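Colleague: Below is one structure. I have some questions about it.
Laboratory data are not the source of any read-out in this text; all were calculated from the coordinates shown. Keep in mind that this is a model prediction, so the values were computed, not measured. All Cβ positions, even for glycine, are placed from backbone atoms using ideal geometry, and neighbour counts span all protein chains on display.
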Amino acid sequence: MRRTPCEYMLWNGIPTIRKELAETMIKQYGLSQRQAAEKLGITPSAVCQYLSKKRGKADIFDETIIQEITISAERIMKNDGADVIIETCRICRFVQKNKHFSYLCEEHKNEKD
């Protein structure tokens with residue numbers, strides 16, 4: 001059974017977005033896994049699982065999505081994590097609005113954007 005785009009984003013897209021945010025915060029801002037977890041409002045073990053690809057397994061290759069994640073990471077860093085939900089939702093809407101599902105959704109890879 002095919003999942004709706006929202007179901008896919010819930011189970012796969014959001015973990016991938018969180019993984020990318022955590023990686024960006026660690027690589028670009030020098031945060032530890034614990035600090036990144038605190039900023040994102042998740043557990044340090046979740047960050048560890050994102051980094052080891054046990055969660056958020058998809059890789060994002062689309063440069064526009066990566067740019068949006070970088071913007072969100074910067075905003076979260078500046079606002080001490082206060083906008084995590086807003087930024088995660090913003091990226092999710094961006095992916096859906098711009099029909100970038102083929103980059104996140106295995107089930108939709110062969111569909112035309």
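Colleague: Tally time: how many residues in the range 1-52 are of a type in the set (V, I, T) and in a helix (DSSP H, G or I)? Outline the logic, then answer.
Modeller: Going residue by residue through the range 1-52, those that are of a type in the set (V, I, T) are 4, 14, 16-17, 24, 26, 42-43, 47.
Remaining after also requiring in a helix (DSSP H, G or I): 14, 16-17, 24, 26, 47.
The total comes to 6.
Colleague: State which residue is farthest from Y8 (Cα to Cα) when the search covers only the range 54-76 and only residues that are in contact with a Phe, Trp or Tyr (Cβ under 7 Å, 6 or more places away or on another chain) and crowded, with 18+ Cβ neighbours inside 10 Å.
Modeller: E68
Colleague: Quick one: A37 ticks every box in (1) within 19 Å of C92 (Cβ to Cβ); (2) crowded, with 18+ Cβ neighbours inside 10 Å bar one, so which box is it?
Modeller: Going through (1) within 19 Å of C92 (Cβ to Cβ); (2) crowded, with 18+ Cβ neighbours inside 10 Å one by one, A37 breaks only (1).
Colleague: Would you say I65 is assigned to a loop (DSSP other than H, G, I, E, B), among the β-branched types (V, I, T) and under 14 Å from the mean Cα position of the chain (by Cα)?
Modeller: Details: assigned to a loop (DSSP other than H, G, I, E, B): no; among the β-branched types (V, I, T): yes; under 14 Å from the mean Cα position of the chain (by Cα): yes.
Spelling it out, it is not the case that I65 is assigned to a loop (DSSP other than H, G, I, E, B), among the β-branched types (V, I, T) and under 14 Å from the mean Cα position of the chain (by Cα).
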